[in-house]
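Every read-out reported here was derived from the displayed coordinates using simple, explicitly stated rules and does not represent laboratory data. Note that the structure is a prediction, hence the values are computed from the model and not measured. Quick reminder, even Gly has a Cβ in these numbers, built from the backbone with ideal geometry, and neighbours come from all protein chains shown.
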Amino acid sequence: MPSIVVLNQSGAEVGKVDLNNEVFGIEPNMQVVYDVVNAERAAMRQGTHKTKGRSEVSGGGRKPWRQKGTGRARQGSIRSPQWRGGGIVFGPTPRSYSVKVNKKVTKLAVKSLLSDRCQQEKIIVVDQFNLEDFKTKTLVAVLNNIKAEGKVLVITDEENYNLVKAGSNIPGVYVQTKAHLSVYDLINSNLYVMTESVAKKYEEDLK
C-alpha cells in the first residue's frame, strides 16, 4: 500500500496518508487511457461541417449546350462537380463524432493515471488550500514551498475562487475540481497536487 507524505502550504510535513492499492497501485493500462482520451477529444468536435452537393447548389437547370455537333464534351449541367461552382462530391456533412466508452473503462483509465503518477512520485498531497487572496504570487509561493514544478494539475474538492483565479495566470498550472476533471486533463499534466480529501474521494469512487 503506497504511502504519501501530507504537506501544508508552507511545505512542512504534517502527516502521512496511506493510499489504496486498488486505486493508486495498479498496473497502468495506457491503451485504455488512449481509448478514453480519444473518445473525449472526439466528443469535443461539433461536427457542423457542411458542403453543398450537386442537388443543393444554385443554377444549372438548363443543359449548357446541345448534346451533339458542338465538338465539345457533352454536359448536362453547369453545376456538375467538374465545373467551377459545381457541387462537391462526397463532401462532409453534419455528423456526431461521439465514441461510446463504458464507465468501467473510464474508471480504469483514471486509476491507471493515478497509479502511474504515484509510481513516479508525481503526486503531492496537501492538507488544504486556503489562500488569503487571489493574487498569482500567493499561489506561486505555495507551489514553490511544496516544490511543484512543470505541468501541474491542482485538484480540489470544491470550487475555490481564489485558487482558480490565482492559477489562471501561471503557465503550466491548471486548477480544477475533482468532479469536473477529464482523463484528458489528467494525462495533460505531469504532476498532481491534491488535497487529502480528494485522495480519499478517489478511493471511494474508484474502488
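Tabulated values for the structure
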| quantity | calculated |
| --- | --- |
| Rounded to whole Hz, the Karplus (6.51, -1.76, 1.60) HN-Hα couplings of the stretch 120-129, x for glycine and proline | 8, 6, 10, 10, 10, 10, 10, 6, 6, 10 |
| Amide H contacts of I124 (H built 1.01 Å from N, under 5 Å, at least 5 apart or other chain) | Y192, V193, M194 |
| Positive dipole terminus of the stretch 29-166, leading residue within V101, V89, V152 (C-beta point charges) | V89 |
| Crossing angle, helix 136-145 versus the chain [Cα axis fit, 0-90 degrees, rounded to tens] | 60 |
| Cβ-placed point charges (K, R +1; D, E -1), dipole of the stretch 1-120 about Cα centre in debye, nearest 20 | 1980 |
| Cα centre as origin, Lys/Arg/Asp/Glu Cβ charges: the chain dipole, Debye | 2980 |
| Rounded tilt (10° steps) of 196-206 against the dominant C-alpha axis of the chain | 50 |
| Set of lysines with alpha-carbon distance to K104 below 21 Å, sequence-local pairs under 8 removed | K178, K200, K201, K207 |
| Extension reserve of the K100-L206 stretch, reckoned as 0.36 nm per residue once the Cα distance is removed | 36.2 nm |
| Beta bridges by DSSP in the chain, antiparallel share as percent, to the nearest 5 | 25 |
| Hypothetical label at D18: residues of the stretch 108-134 whose amide nitrogen lies under 11 Å (7 Å Cα-Cβ projection) | none |
| On Cα atoms only, tilt of 30-43 relative to the major axis of the chain in degrees | 50 |
| Longest DSSP-loop-exposure-free segment, GluC sites (Glu not before Pro), the chain, at most 14 other Cβ within 10 Å | 57-120 |
| The stretch 102-124 versus the stretch 149-207: alpha-carbon centroid distance in Å | 13 |
| Extreme residue, positive dipole direction of the chain, given options Y184, S10, S115 (C-beta unit charges) | Y184 |
| Prolate/oblate/rounded call for the stretch 1-50, Cα gyration tensor, a/c under 1.5 rounded | oblate |
| Relative contact order for the chain, counting Cα pairs under 8 Å that sit 6 or more residues apart, in percent | 27 |
| Charge dipole of the chain about the Cα centre (unit charges at C-beta), most positive-ward option of T48, V23, N130 | T48 |
| Charge dipole magnitude, Cβ of K and R +1, D and E -1 - the stretch 51-91, Cα centre, debye nearest 20 | 260 |
| D185, D18 arranged by Cβ crowding within 10 Å, fewest neighbours leading | D18, D185 |
